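The next block holds one structure in the form of C-alpha cells; read it before the comments.
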Amino acid sequence: MPKTMHEAIVCRELGPPERLRLETLPSAPLRPGEVRIVMRAAGLNFPDVLMIEGKYQLKPELPFTPGMEGAGVVTEVSAGVDGVAVGDRVIVKLRHGCLAEEVVATPAQLAPVPEAFDFAEGATFLAAHGTAYHALVDRAQIRAGEVLLVHGAAGGVGLAAVELGKVLGATVIAVASSAEKLAVAASRGADHTLLTGAEPLRDAVKRLTGGRGADVVFDPVGGAAFEESLRCIAWGARLLVIGFTGGVGMAATNLVLIKGASVLGVRAGEAARRDPALAAARQAALWRLAGEGRLRPHISHRLPLARCAEAMRLLLERRAIGRVVLEMGASS
C-alpha cells in the first residue's frame, strides 16, 4: 500500500538553517500529467541557503520546502504521462521542494540518472555542471587553448567549472582558500593552483600566463574577487558572474573598457526555462560526457535529511569541497 505520509524539511520563517524543521507531511495527490518519486538523495546549493534567508531572487511563499535538485525512483505515474515508468531512476529538477522523502513532479522536471552514477551523484550533477556548461559554452563560448580562471574552485559549481574547462581544452587556473581544496581542484584537471591571498592575484595570473592574463573568468564569489579579476584579464576577456558567496561588491568599470572585456551574467535555470532547446542541448552534452567518464560530481559530505542545518552550515562556513548531499533513509 502506498505511503500516505513522508518527512520533509520545512521553512516556516525566514532565517538561518537552524530555523528549519523536519516535519511529517501528507503525500500530495497525483494529478494528470504528474509522477511520484521516492527521493533517495538531494544536493544542497548555495541558493538554497539564500532562499531560506529571503535573500535569493526567488522568494517562495511560506511555508515551503527548500532544495532545487535531487534523485530518486519513480513509484507512481498518472494518466497522460509518456516516457517515464515506475522504477525509473531519475534526477528531479525543481526550484524548491527536493529536501523531502517524496516529491511530485512533471516529466519535464525529470532527467535520467547517468548509468554510472549513484543517487547522490545524480542529485548533485545537473545544477553545478549545468551552470558550468551554460557559463563556459553558451555564454563565454570558451575555445580550446584559452586560459580559464576559476574562483571558488573547490566549491560545487567552481569544481564543476574546473572539470568542464579542462574537458573543453582550456588551461585552467584554480583559486581556492586551502591546500586541501587546491589538491582536489588539481585532481579534477586544474593546470595551475593559487592559494587565496598568498600573492596578489594580478601578479600570479600574469606570471602563469606570460603577462597575457586570463581569457575567461568564472566567478561564483563576487565581492573583492571580481575587481581583482579585472586586473588580470587579457584583451577581450569574458567575465562570468555566477554568484556572490563573498558578497556584492563594486567594480572599477574603467577596467572593463580598457581591456575591451565583457561581463556576462549566468542564470542557467532561467535560461533553460526561457529556451527549452538550449536546455536540451546542454543536457545531451553533459550526459554524453558523464557516460564517457569525463564528468562526475565530487561529494565531500553525505548526511541524513534530519541534519539539514548542519549540512547547510558546511556551505556557509566554506568547509565543503565539491558537493554536500542529504540522503533519505540514512541513519544519523
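The values are calculated or read from the model by the stated rules, or taken from the named source; none is laboratory data. Since the structure is predicted, the reported quantities are computational estimates derived from the model, not experimental observations. Glycine gets a Cβ as well: all are built from the backbone with ideal geometry, and neighbour counts include every protein chain shown.
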Only one of ARG19, ARG40, ARG12 is in contact with a Pro (Cβ under 7 Å, 6 or more places away or on another chain) and of a type in the set (Lys, Arg), namely ARG12
Identity of the residue in the range 49-79, among the acidic types (Asp, Glu) and farther than 16 Å from GLU327 by Cα, that ends up surrounded by the fewest Cβ atoms within 10 Å (Cβ to Cβ): GLU61
Residue list for the range 35-48, filter: surrounded by fewer than 21 Cβ atoms within 10 Å (Cβ to Cβ) and at pLDDT 95 or above: VAL38
Which residue pairs have Cβ atoms under 8 Å apart, sit 6 or more places apart or on different chains, and have a first residue in the range 191-207 that is within 10 Å of SER178 (Cα to Cα) and a second that is surrounded by fewer than 13 Cβ atoms within 10 Å (Cβ to Cβ)? LEU195/ALA179
The residue that is modelled with the lowest pLDDT, considering only those in the range 215-225 that are hydrophobic (A, V, I, L, M, F, W, C) and closer than 15 Å to ALA174 by Cα, is ALA225
In the range 173-199, what residues are of a type in the set (Gly, Ala, Ser) and in a helix (DSSP H, G or I)? ALA179, ALA183, ALA185, ALA186, SER187
Could you say which residue among ARG202, ARG212 is outside any helix (DSSP H, G or I), touching a helix residue (DSSP H, G or I) at 6+ places or on another chain (Cβ under 9 Å) and either surrounded by fewer than 20 Cβ atoms within 10 Å (Cβ to Cβ) or of a type in the set (S, T, N, Q) (or both)? ARG212
Please state which one of ALA170, ALA174 is in contact with an Asp or Glu (Cβ under 7 Å, 6 or more places away or on another chain), closer than 20 Å to GLY322 by Cβ and crowded, with 22+ Cβ neighbours inside 10 Å. ALA170
Scanning the range 311-332 for residues that are surrounded by fewer than 20 Cβ atoms within 10 Å (Cβ to Cβ) and over 19 Å from the mean Cα position of the chain (by Cα), which turns out nearest to LEU159 (Cα to Cα)? ALA330
Checking the condition within 19 Å of GLY156 (Cβ to Cβ) and either over 15 Å from the mean Cα position of the chain (by Cα) or not assigned by TED's automatic domain parsing to the domain that holds LEU194 (or both), which residue from LEU230, LEU239, LEU286 passes? LEU286
Close pairs from the range 210-229: first within 18 Å of ALA140 (Cα to Cα), partner buried (at least 21 other Cβ atoms within 10 Å of the Cβ) and among the aromatic types (Phe, Trp, Tyr), Cβ under 6 Å, at least 6 apart: ASP219/PHE226
VAL205 vs. criteria touching an Asp or Glu at 6+ places or on another chain (Cβ under 6 Å) and in the same structural domain as ALA261 (by TED's automatic domain parsing): no
Can you name every one of the strands (runs of 3 or more DSSP E) wholly within the range 50-168 that holds 1 or more residues which are of a type in the set (S, T, N, Q) and in contact with a strand residue (DSSP E or B) (Cβ under 7 Å, 6 or more places away or on another chain)? 69-77
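Applying the selection to the range 257-299, what residues are acidic (Asp, Glu) and assigned to a helix (DSSP H, G or I)?
Answer for the range 257-299, where residues must be acidic (Asp, Glu) and assigned to a helix (DSSP H, G or I): just GLU270.
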